[in-house]
Amino acid sequence: MSDYGIEVLWVLIIASLGLSAVALVFSISHRRRSPAAAYTAGEDVASEAARTVLREFEKNGHSADAALITWSPDTLRKILADDLPETQVIVVSNREPYIHNIKDDGIELLVPASGLVSALEPITRACAGTWIAYGGGTADRVTVDKNDRVEVPPGNPSYTLRRVWLTEEEYQAYYLGFANEGLWPLCHIAFTRPIFRASDWEAYEAVNRKFADTVVAEARNERPIVLVQDYHFALLPRMIRERLPEAIIITFWHIPWPNSEVYSICPWRERILEGLLGSSIIGFHTQFHANNFTESVDRFLESRIERADAAISYGGQTTLVHAYPISIEWPAELLARLPDVDECRARVRARFGLPADAKLCVGVERLDYTKGILDRFQALEELFTRYPEWVGKLVFLQIAAPSRGTLPAYRQLHEECRRYVEELNQRYGSEGYSPVLMVAEHHSQEQVYEIYRAADICMVTSLHDGMNLVAKEFVAARDDEQGVLLLSTFAGASRELLEALIVNPYDTAMTSEALLQALTMTPDEQRERMRPMREMVRDNNVYRWAGSMLLDAARLRKRGDLDRVTSNGERPSNSNNVVSIFERARKAAS
Ligand code: F6P
């Protein structure tokens, strides 16, 4: 063929590749813009999209643009079926997703108020996995089988809940003591002093070992994926690694990680880091917290840190440290069961006896000192002082789920909140009007969503928070694109929900001004702010959170297996974790 002929051929090839690329981009972006269409296409679309991402990510050696997928339970199922076949998924958390309690008229089922539970539940369902958790309900023991297992969700079982029993002493020292009087205040900068007792630490270690035994007992083979949740289990990853060296262990730390100076006060700081570095991957909500963790390792352990790869090598093993911002189920299944916004408003106002014409501002959380509940009451007081015309025209409804109520810091907070509410109501209330209503009771997710839909404003004023899913739930609940979100700059969610009114809860004047801005915001502006926030949560739902971790797990497993094949039949000591990947990369480069 002549030179001219070859040139023409090349032009044709390049043009046809270009057209295919345009067609692919068009089809993907079209799918993104029309989620309904993507759902009707069902499994095929999920599978094709997952495969596209995996192909890309295998080709490039790193995660592809996961944003191109419409994330759903089907996507997770396809990733598992195609890329992690036969892999058992084991979730470990302290809090169980279903609690059975004895009541006068029988056994009551409770779904706890926990962001972790609401995020992990839909995922465990999709993966038909095993969830290992502390059985703390008064009827938990009578509702399990002889292996301490119960199939859940009740009525429509799709996964196994394996309960672990703790003695009262263990619960006191491991959960209330080390986890919640030590690590919780240590990691949250809320100026509550952490308390470290040697006896609590010993119990924490013993309970972590008990959970490790249970993981090993529940593992059907040596290669499960174990999703370890939160600050209750810092030692567990290494304990599992020692007994299931081929497991992929993904640890997610649901709370902030402090800077290394703050972290340094923990008497067992090295042990905690060593424990966590038994993981294949450690996840945080934000890059900031991931960086803080890496800095702590750098300061307290003899390790090798590959910043470009976000990897830490310690004791012959490498751990990836990534940010995976947690999210919520989208579309929220329970929304379909709720009436329209007007009806929700009417119901909530009737239930709490609220004046029909007053604006409704809500706060929903566990009664915890990190949530800035007192700070929001202060902002309300400031608003009434500066703008007395709002007295009588605004009601603040605080839903506060009781939490860790036997600990002094929590009892004190409850008492302070109660007194403050009483004071505000005395000062600004009148016949038939109480400006603040605090309901310190557990509410179901359905009740909570009804309250979100009834509200004009939702206040999230955390003093420090890993993510805060209330902010995302409020946005998800507002399919009418109305309502204003006031969001603390110290909650991880403020990195994503940029159209919220972002406040510093320590700055009372600023928060009260934001409250005024929310109260006077036009419906058009509410829509302009709410719409992009809804798109954000829709595109970054909880399936994406889990899917990104599963994709990374699939990558580790594939590379580990590849390593095994290419190491002349010898089994590399670290076949399933990333150290071999980096060693190979280095050899290849040199
Ligand atoms: O924020 C992290 C988290 O684990 C949440 O999932 C949950 O809301 C809370 O902390 C734990 O609450 P509890 O001590 O009641 O399980």
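The values are calculated or read from the model by the stated rules, or taken from the named source; none is laboratory data. Note that the structure is a prediction, hence the values are computed from the model and not measured. Heads up, the Cβs are rebuilt from the backbone with ideal geometry, glycines too, and the neighbour counts pull from every protein chain shown.
Here is how the numbers come out for the structure above:
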quantity: Out of Asp552, Asp539, Asp524, sole residue that is of a type in the set (Asp, Glu) and crowded, with 20+ Cβ neighbours inside 10 Å; calculated: Asp552
quantity: Test: residue in the range 66-82 that is under 18 Å from Gln445 (Cβ atoms), away from the ligand (no atom under 14 Å from the Cβ), in contact (Cβ under 8 Å) with a residue 40 or more places away in the chain and within 20 Å of the chain's Cα centre (by Cα); calculated: yes
quantity: Where Tyr98 falls short, out of the listed (1) at pLDDT 95 or above; (2) of a type outside the set (A, V, I, L, M); (3) within 16 Å of the ligand (Cβ to nearest atom); (4) under 22 Å from Asp213 (Cβ atoms); calculated: (4)
quantity: Within the range 387-500, helices (runs of 4 or more DSSP H) holding 1 or more residues that are polar (S, T, N, Q) and under 26 Å from Trp253 (Cα atoms); calculated: 445-454
quantity: Residues satisfying the stated conditions in the range 366-407, i.e. under 25 Å from Ser114 (Cβ atoms) and more than 16 Å from the ligand (Cβ to nearest atom); calculated: Leu374, Asp375, Arg376, Phe377, Phe396, Leu397, Gln398
quantity: Contacts under 7 angstrom Cβ, first residue in the range 346-374 being within 15 Å of Tyr452 (Cβ to Cβ), partner within 16 Å of the ligand (Cβ to nearest atom) and not aliphatic (A, V, I, L, M), 6 or more apart; calculated: Glu365/Lys371
quantity: Single condition Ser488 does not satisfy, out of (1) in contact (Cβ under 8 Å) with a residue 40 or more places away in the chain; (2) more than 20 Å from Leu374 (Cβ to Cβ); (3) buried (at least 24 other Cβ atoms within 10 Å of the Cβ); (4) touching a strand residue (DSSP E or B) at 6+ places or on another chain (Cβ under 7 Å); calculated: (2)
quantity: Options Ile107, Ile90: the member that is β-branched (Val, Ile, Thr), surrounded by fewer than 19 Cβ atoms within 10 Å (Cβ to Cβ) and more than 13 Å from the ligand (Cβ to nearest atom); calculated: Ile107
quantity: Identity of the residue in the range 115-136, within 12 Å of the chain's Cα centre (by Cα) and within 12 Å of the ligand (Cβ to nearest atom), that ends up modelled with the lowest pLDDT; calculated: Gly115
quantity: Top-ranked residue of the range 376-403 - restricted to ones that are surrounded by 19 or more Cβ atoms within 10 Å (Cβ to Cβ) and within 24 Å of the chain's Cα centre (by Cα), ranked as farthest from Thr520 (Cα to Cα); calculated: Ser403
quantity: Answer from Ala190, Ala179 - the residue that is within 14 Å of the ligand (Cβ to nearest atom) and in a loop (DSSP other than H, G, I, E, B); calculated: Ala190
quantity: Set Gly363, Gly353, Gly315: member being among the small types (Gly, Ala, Ser) and within 16 Å of the ligand (Cβ to nearest atom); calculated: Gly363
quantity: Qualifying residue in the range 130-145 (condition: assigned to a strand (DSSP E or B), farther than 24 Å from Arg544 by Cβ, without any contact (Cβ under 8 Å) to a residue 60 or more places away in the chain and basic (Lys, Arg)); calculated: no
quantity: Residue satisfying condition, being within 16 Å of the ligand (Cβ to nearest atom) and in a loop (DSSP other than H, G, I, E, B), within set Pro85, Pro112; calculated: Pro112
quantity: Residues located in the range 498-512, provided they are touching a Leu at 6+ places or on another chain (Cβ under 9 Å) and either surrounded by 24 or more Cβ atoms within 10 Å (Cβ to Cβ) or polar (S, T, N, Q) (or both); calculated: Ala500, Val503, Pro505, Thr511, Ser512
quantity: Ala126 vs. criteria of a type outside the set (Ser, Thr, Tyr), touching a residue at least 12 places away in the same chain (Cβ under 8 Å) and over 22 Å from Phe211 (Cβ atoms); calculated: yes
quantity: Some residue of the range 207-215 being within 16 Å of the ligand (Cβ to nearest atom) and not in a helix (DSSP H, G or I); calculated: no
quantity: Filter pass, Ala514 being at pLDDT 95 or above and part of a helix (DSSP H, G or I); calculated: yes
quantity: Residue list for the range 327-353, restricted to those being of a type in the set (A, V, I, L, M), in a loop (DSSP other than H, G, I, E, B) and modelled with pLDDT of 95 or more; calculated: Leu338
